[in-house]
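The values are calculated or read from the model by the stated rules, or taken from the named source; none is laboratory data. Bear in mind the structure is a predicted one, so any value in this text is a computation, not a measurement. Glycine also receives a Cβ, built like all others from the backbone with ideal geometry; neighbour counts cover every protein chain displayed.
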2 protein chains.
Amino acid sequence: MTISKAALIGGGVIGGGWAARLIENGIDVSVYDPDPEAERKLNEVLAGADRAYEKLTHGPRPSKGAVSFCSTIAEAVAGVGLIVESVPERLEIKRKVYAEAEAANTTAIIASSTSGIMPTELQAELAHPGRLIVAHPFNPVYLLPLVELVAGEKTDAQHIEWAKDFYASLGMHPLHCRVEIEGFLSDRLQEALWREALWLLKDEVATAEELDAAIAYGPGLRWAQMGTMQTFHLAGGEAGMRGMLAMFGPCLKWPWTKLMDVPDLTDEFVEMVGEQCDTQAGDLTARDLEKIRDDNLVAIMQALKNNDWGAGKALAAYESAKRIAPPPPDFSGLVRTVDRIVPGDWTDYNGHMTEGRYLTAFSEATDRLMEMIGADADYIETGLSYFTVETHIQHIDEVRAGEAIYAETQVIEGKGKKLRLFHWLRHADGRLLATGEHMLIHVSLESRGTCEPEVVVADKLAEVMALQSKLPLPDGAGRAIGVK
Amino acid sequence: MTISKAALIGGGVIGGGWAARLIENGIDVSVYDPDPEAERKLNEVLAGADRAYEKLTHGPRPSKGAVSFCSTIAEAVAGVGLIVESVPERLEIKRKVYAEAEAANTTAIIASSTSGIMPTELQAELAHPGRLIVAHPFNPVYLLPLVELVAGEKTDAQHIEWAKDFYASLGMHPLHCRVEIEGFLSDRLQEALWREALWLLKDEVATAEELDAAIAYGPGLRWAQMGTMQTFHLAGGEAGMRGMLAMFGPCLKWPWTKLMDVPDLTDEFVEMVGEQCDTQAGDLTARDLEKIRDDNLVAIMQALKNNDWGAGKALAAYESAKRIAPPPPDFSGLVRTVDRIVPGDWTDYNGHMTEGRYLTAFSEATDRLMEMIGADADYIETGLSYFTVETHIQHIDEVRAGEAIYAETQVIEGKGKKLRLFHWLRHADGRLLATGEHMLIHVSLESRGTCEPEVVVADKLAEVMALQSKLPLPDGAGRAIGVK
């Protein structure tokens, strides 16, 4: 079942984050939130998310879904396939929302964003309880891949299966919590840590800033890629987790954490903690901090993508699923060899693409052209490839992070060991940004010496040359620096 | 007080990690560990750390300190300024080590790596208790910046001040735990989470792999850059932490975590957890996982360095502190403009520097040359700069991540608006890797149009040209692709 439109009941930090993720994937949303400020707040979340998505995925982005604001729940849920509930964590409020939604839509899947209320509780009063699932996301919902899926006793099992596919298609990592338990998995772990942090604040052992440093400079760097179990499996040395349990298990019985109770959230205590958080933020507003957080999340996920690990794997899968297969190349004219967004890490502190990245873009164009003439990954696997021996670039115009660029390529020479290419790199609006001329030589990867290409590539090149030799020699080809 | 040699008592995962961090910073270490396998195990940690350091810092690395193995504690501690104790978490073992060390060295600072025993307990039987501090690191010690510093009741306060400077000089982020408490700060938070995780395993609610996914795809990505307090401050929307406490504070009273007790670490339970960790690792050995973890940590810290945040800030500070100021340029010959290690993210899946990064290296050389002629950051701040308009590269040889490279530069033309440069990029062993010829034009950053440089730059360029015009025109200058 594909979804073209979803209703969002509640448009705060979580509902707004869902809105961003859904419209980014081309799904329309209708939003109901009684807060008179809801539309302004939601638009701010959407703007922040748009800024992050510009940097996150390097492929072309799909057309965005539309956002409409509704004045009743009935209006919002009419005709949608999915109802996402992100209202406060009070059972009676949630049940009231479901009752109103159910009166207007009897078939849509109802997905609660609850952080810990059991779906069996949530669905108890529904006329069609089988369609309620928990799909618990994490802030910022538009960036973090984790979504916990939980079924209640009456949930139709096939809806969980559907949800696994659906949320994965949004670039998320669905985690099916197989046993229904309050707080599910992630929040139980987070709450344990938070409870301890609140005690350390209450007892004035440390400030908010010190507690955060105790995570972000140490264990937190591990947790971005491996959970506690795998981390400690490695900390146990050659004996692994068994060694770790033998070594540190006894400490768990020592008074190293406050177990018994929760500090009373008196006004004074809340104020003290709030003030410490303000102090920690210093001159940075919440909006500033959100941008910093998002930039860091993007950079961390991209770093993990390069290493093909964890959240980076989810991002890579998302990118490749969303990438539209290019049409077969037509060599009667210039061929399109690059189609991408300028990523955030390709730019200098002014936001312009750095000099060096122009060659990265041309190198991508060269790789794509090589694929088109049969010198693809399988061919390289056989121990043959082309190496660039000479490059000439004309730097013509500037481009910024998040802007779309493309390249077109002409094969000037493609015979024997030689492959001479000319690329034009352009902004999506057609502006010429740079040209790249490249001489490549066919090599054996084993000997690192030159050799003739295999017949499959030589034939394809002959075919390409028959067409491309009809094109005029590009303006600037054969140009040298300092020579008139 | 600077330290030229340290003794390491205990050379396991933690002691080995200390050894790596110390020798990387030019400090000799003498190691005592009664394990007959100690030398092999420590050398494996050192090899892993060396591999990580190749990729971590981009500046030239200092000369390494030496490692010597000793057969007694007395031998190891003789004449050192710092004794690092990393033996098992049993008070009687630690006190025995201190007694032996004290008999042979009465002045060195004793730094315990304990994860949670109070320094007041550790120092109770010392003849010179003032010199004992806790300096608690995190695995892998050679990469994670966090080190918790804790004083006991009898600790000399000036040793904590010294330790802050000393560990910062090793590239670490010292966190002074101002109130002495068992488990300090970071482990109390970690243990709370781990205890909950063990319960979820014990109750068979989830597997080790599921629990890790519940962290690494969600909260863990936040914790690599912000702790729980700042994260929840942002999750509270416009109401911040105060709103978060109002919203989720009540949940802390709900039965969302197991508080009361610790699961009994029966043989069966330990075996069950150990097996789940093995399953999770699949075909990957502990060594494989360590390499993956280290690559991810390096990539995450470099990503954060680009964003000037958290652990990345510590890395940047370390790099700039370690960078040796270059000698003033001598333009009577070629000038040295690049001196760096090829970072891990500059290479393809085969470990070779990618085509595009050759231009990144040349771009760094150009920036450095611009600084030398007075077109530095302050000059650019005034709204003037040089833009590259044309580039010609000869790709000659390959280079791998972790290898040292340098560039030398000749100014071919430097008059009026024009600046024509020729760079030779070489491997540290002298092999020529590539040449880069670049034409730059002086521009106004406001109008984005060309203009004459200021007198300060024009004069410096005239001075440089008077010297460099005596050099022969570089082989390959003015060369064009496809033109004989």
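Going residue by residue through the stretch B:25-35, is there one that turns out to be hydrophobic (A, V, I, L, M, F, W, C), surrounded by fewer than 22 Cβ atoms within 10 Å (Cβ to Cβ) and over 18 Å from the mean Cα position of the chain (by Cα)?
no
Would you confirm whether any residue within the stretch B:347-366 is part of a loop (DSSP other than H, G, I, E, B), more than 9 Å from chain A (Cβ to nearest Cβ), touching a residue at least 40 places away in the same chain (Cβ under 8 Å) and crowded, with 19+ Cβ neighbours inside 10 Å?
no
Yes or no: residue B:306 surrounded by 21 or more Cβ atoms within 10 Å (Cβ to Cβ) and either at pLDDT 80 or above or farther than 30 Å from residue A:384 by Cβ (or both)?
No, not satisfied.
Looking at residue B:209 and the list (1) surrounded by fewer than 24 Cβ atoms within 10 Å (Cβ to Cβ); (2) facing another protein chain (nearest Cβ under 7 Å); (3) of a type outside the set (A, V, I, L, M, F, W, C), which single condition is not satisfied?
Single failed check for residue B:209: (2).
For the stretch A:110-151, what are the residues that are among the small types (Gly, Ala, Ser) and farther than 20 Å from residue B:211 by Cα?
Answer for the stretch A:110-151, where residues must be among the small types (Gly, Ala, Ser) and farther than 20 Å from residue B:211 by Cα: A:111, A:112, A:124, A:127, A:130.
Go through (1) at pLDDT 80 or above; (2) closer than 26 Å to residue A:146 by Cα and name the single condition residue A:352 misses.
Against the list (1) at pLDDT 80 or above; (2) closer than 26 Å to residue A:146 by Cα, residue A:352 comes up short only on (2).
Would you confirm, using the coordinates I've provided, whether residue B:123 is in contact with a helix residue (DSSP H, G or I) (Cβ under 6 Å, 6 or more places away or on another chain) and at pLDDT 95 or above?
yes
Between residues in the stretch A:167-181 that are free of Cβ contacts under 8 Å to residues at least 40 places away in the same chain and more than 8 Å from chain B (Cβ to nearest Cβ) and residues that are assigned to a strand (DSSP E or B) and of a type outside the set (Val, Ile, Thr), which pairs lie under 6 Å by C-beta distance while being six or more apart or on different chains?
Partner pairs satisfying both residue conditions: A:167/A:174; A:174/A:149; A:176/A:149.
Somewhere in the stretch A:48-60, is a residue free of Cβ contacts under 8 Å to residues at least 40 places away in the same chain and out of contact with any helix residue (DSSP H, G or I) (no Cβ under 8 Å at 6 or more places or on another chain)?
Within the stretch A:48-60, none of the residues are free of Cβ contacts under 8 Å to residues at least 40 places away in the same chain and out of contact with any helix residue (DSSP H, G or I) (no Cβ under 8 Å at 6 or more places or on another chain).
Could you say whether any residue in the stretch A:175-191 is part of a helix (DSSP H, G or I) and of a type in the set (A, V, I, L, M)?
yes
All but one of (1) away from chain B (no Cβ under 13 Å); (2) of a type in the set (A, V, I, L, M); (3) not in a helix (DSSP H, G or I) hold for residue A:369; state the number of the condition that does not hold.
Failed condition: (3).
I'd like to check which strands (runs of 3 or more DSSP E) are fully inside the stretch A:1-106 and have at least 1 residues that are within 21 Å of residue A:160 (Cα to Cα) and either out of contact with any His (no Cβ under 8 Å at 6 or more places or on another chain) or outside the structural domain of residue A:357 (by TED's automatic domain parsing) (or both).
Output list reads A:5-9, A:82-85.
If a residue must be farther than 22 Å from residue B:315 by Cβ and either more than 7 Å from chain B (Cβ to nearest Cβ) or not in a helix (DSSP H, G or I) (or both), how many such residues does the stretch A:212-231 contain?
Number of matching residues: 1.
Quick check: anything in the stretch A:118-126 under 26 Å from residue A:44 (Cβ atoms) and either surrounded by 24 or more Cβ atoms within 10 Å (Cβ to Cβ) or touching a residue at least 40 places away in the same chain (Cβ under 8 Å) (or both)?
Checked against the condition, which is being under 26 Å from residue A:44 (Cβ atoms) and either surrounded by 24 or more Cβ atoms within 10 Å (Cβ to Cβ) or touching a residue at least 40 places away in the same chain (Cβ under 8 Å) (or both), the stretch A:118-126 yields no hits at all.
For the stretch A:127-134, check the following and say yes or no: at least one residue is in a helix (DSSP H, G or I), over 24 Å from residue A:71 (Cβ atoms) and of a type in the set (D, E, K, R).
Scanning the stretch A:127-134 turns up at least one residue that is in a helix (DSSP H, G or I), over 24 Å from residue A:71 (Cβ atoms) and of a type in the set (D, E, K, R).
Any chance you could count how many residues in the stretch A:102-132 are more than 11 Å from chain B (Cβ to nearest Cβ), of a type in the set (Val, Ile, Thr) and closer than 14 Å to residue A:18 by Cβ?
2
Only one of these is in the same structural domain as residue A:82 (by TED's automatic domain parsing) and among the acidic types (Asp, Glu): A:203, A:212, A:165. Name it.
Matching residue, one of A:203, A:212, A:165: A:165.
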